[in-house]
1. I need the fraction of alpha carbon pairs in the range 65-115 separated by more than 17 Å, rounded to a whole percent.
2. Among 161, 137, 175, whose Cα lies farthest out toward the positive end of the dipole of the range 133-196, if unit charges sit on the beta carbon of Lys, Arg (+1) and Asp, Glu (-1)?
3. What's the local net charge at residue 148, with K and R +1, D and E -1, over the other residues with C-beta under 12 Å away?
4. Just the Cα atoms of the range 133-196: what Rg and Dmax do they give in Å?
5. Counting only other residues whose beta carbon sits under 12 Å from that of residue 186, what net charge do I get with K and R as +1, D and E as -1?
6. Calculate how many DSSP beta bridges within the range 59-130 are antiparallel, expressed in % of all such bridges and rounded to the nearest 5.
7. What percent antiparallel are the DSSP beta bridges of the range 51-201, to the nearest 5?
8. Going by amide H atoms built from the backbone, whose H comes under 5 Å of the H on residue 71, apart from near neighbours?
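Just so you know, all these numbers are worked out from the coordinates, no wet-lab data involved. Just so you know, these numbers come straight off a predicted model, no measurement behind them. Virtual Cβ from ideal backbone geometry, glycine too; neighbours counted across all protein chains shown.
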Amino acid sequence: MTINFKKISSDRADPDPQSATRGFKAWRGLAIIAAAFTLTSVIHLNIQGYHLFSNPTTSTRTDSGDCGYQMVVDGKVLGTVFLDEQTTIEKISEAIGYNVEGKNQIEKVVPCGSVIILDRDGRLLEVQRLAGAQIVACGKRIELKSATGDDMRSVPGIGPGLARRIEEYTTSFGPFESVDDLIRVKGIGPRKAQELRQYLK
């Protein structure tokens, strides 16, 4: 007896090795992108967590006002707030969330741009000047009339040399009345002065 073997053909073509390789590379690329995105998200969350929980007693509020205050109690910064106008220690402490009721000098009006330093019992020790770097970091503008050399050096776009020339000018001619007056300093033109308006007032 003779058996005839018939070759069974398939409609499916043999796989293309190059096509398979391209597909593998595409999937591998997607996997790398997904892993990088996940890692970036984890790092971002960890950084946020560090800022939120590394010093839970500190709060920085960039309120609508431009009158900045920072409160320090027993050597610890409790917070920074920006109010609409200068006010009393009592009102500032309320805005920050610290109770100074019944303590001395709580009705004392404090100038804008001040650091209020209290002892552990809430008694006023001294009032210092809020640094320009802290004001800029909070997205607020520095008062040009009272700005120091350190304040100016904290402004983006003002290097040590330009800050020194600004100091020399104010020493010779007095404080600036407006940001437009900065064009009197060598190295500051109208365009530069316009750029500095976002940091100075």
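1. Values: 313 of 1275 pairs.
Cα-Cα pairs in the range 65-115 separated by more than 17 Å: 25 percent.
2. Final value for the positive-end residue is 161.
3. Details: positive: 129, 145, 153; negative: 143, 150, 151, 167.
That works out to -1.
4. Here Rg and the maximum Cα pair distance are 10.8, 31 Å.
5. On the way: positive: 164, 165, 184, 192; negative: 168.
Net charge around residue 186: +3.
6. Numbers: 14 of 21 bridges.
About 65 percent, rounded to the nearest 5.
7. On the way: 14 of 22 bridges.
Here the share of antiparallel DSSP bridges comes out near 65 percent.
8. 78, 79, 116
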